[in-house]
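A.B. asks: Got a structure for you, written out below as structure tokens; questions coming shortly.
What follows draws every value from the coordinates through simple rules; no lab data is involved. In this text the structure is predicted, and so the values were computed from the model without any measurement. Counting neighbours? That spans all protein chains shown, and the Cβs are built from the backbone with ideal geometry, glycine included.
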Amino acid sequence: MKRRQMILGLALAGTLAAVWWVSGMDEDTDSSSPAHRPRGAIANANINSSHTATRRATSRGHAPDASAQSRLLAELTQRQFPHEPLPELTHNPFAAASFDPPPPKVEAPKPSAPPLRYKYLGRILEGDKPTVFLEAGGNMLTVHPGDSLDDGYRVRAISEHSIELEYLPLNQTQTLSF
């Protein structure tokens, strides 16, 4: 048991010596040149030296000046964080967000002419002018090229095997084959 206590006592003494040696280094860093310090140590040394100066002034009975402390704080903050202020946020970064892919864009189908409701009944030639007979909804129609029909169609051309009808509201041509 005595051996264990002796080892612990030596470890304690070594720790106390190391703490005393490191606490003495704070006062020595005031006089060291910035070139011999590591990168982050310059700002830390300034903070430590100001803290040491404040501690010395307080131990002598002098209260540190509040404006001097605020100036020192502003200067140290500027040295440690030399950057532009962050831009104002335009949205709430903590708002709920969905990470689902956006739904596919569905394009509206282009309007098209309604299906032809005409049925071919027959065709005759009067000279070189063709005439076609059509049936629509129980009514028989006689049409020639250029005629307009009641539901927005116009007969564009008549050939031996088909008739071309143009749906006028959309300018689309449909063919009725026979």
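A.B. asks: Condition check: in contact (Cβ under 8 Å) with a residue 60 or more places away in the chain, among the hydrophobic types (A, V, I, L, M, F, W, C), out of contact with any His (no Cβ under 7 Å at 6 or more places or on another chain) and surrounded by 12 or more Cβ atoms within 10 Å (Cβ to Cβ). Does LEU116 satisfy that? Step through it out loud before you land on a result.
C.D. replies: Working: in contact (Cβ under 8 Å) with a residue 60 or more places away in the chain: yes; among the hydrophobic types (A, V, I, L, M, F, W, C): yes; out of contact with any His (no Cβ under 7 Å at 6 or more places or on another chain): yes; surrounded by 12 or more Cβ atoms within 10 Å (Cβ to Cβ): yes.
Considered against the rule, which asks whether it is in contact (Cβ under 8 Å) with a residue 60 or more places away in the chain, among the hydrophobic types (A, V, I, L, M, F, W, C), out of contact with any His (no Cβ under 7 Å at 6 or more places or on another chain) and surrounded by 12 or more Cβ atoms within 10 Å (Cβ to Cβ), LEU116 comes out as yes.
A.B. asks: Checking LEU89 against (1) loosely packed, with under 10 Cβ neighbours inside 10 Å; (2) touching a Ser or Thr at 6+ places or on another chain (Cβ under 9 Å), only one condition comes out false. Which one?
C.D. replies: LEU89 satisfies every listed condition except (2).
A.B. asks: Among the residues of the range 98-138, how many are out of contact with any strand residue (DSSP E or B) (no Cβ under 6 Å at 6 or more places or on another chain), of a type in the set (A, V, I, L, M) and assigned to a strand (DSSP E or B)?
C.D. replies: Summing the residues that are out of contact with any strand residue (DSSP E or B) (no Cβ under 6 Å at 6 or more places or on another chain), of a type in the set (A, V, I, L, M) and assigned to a strand (DSSP E or B) in the range 98-138 gives 2.
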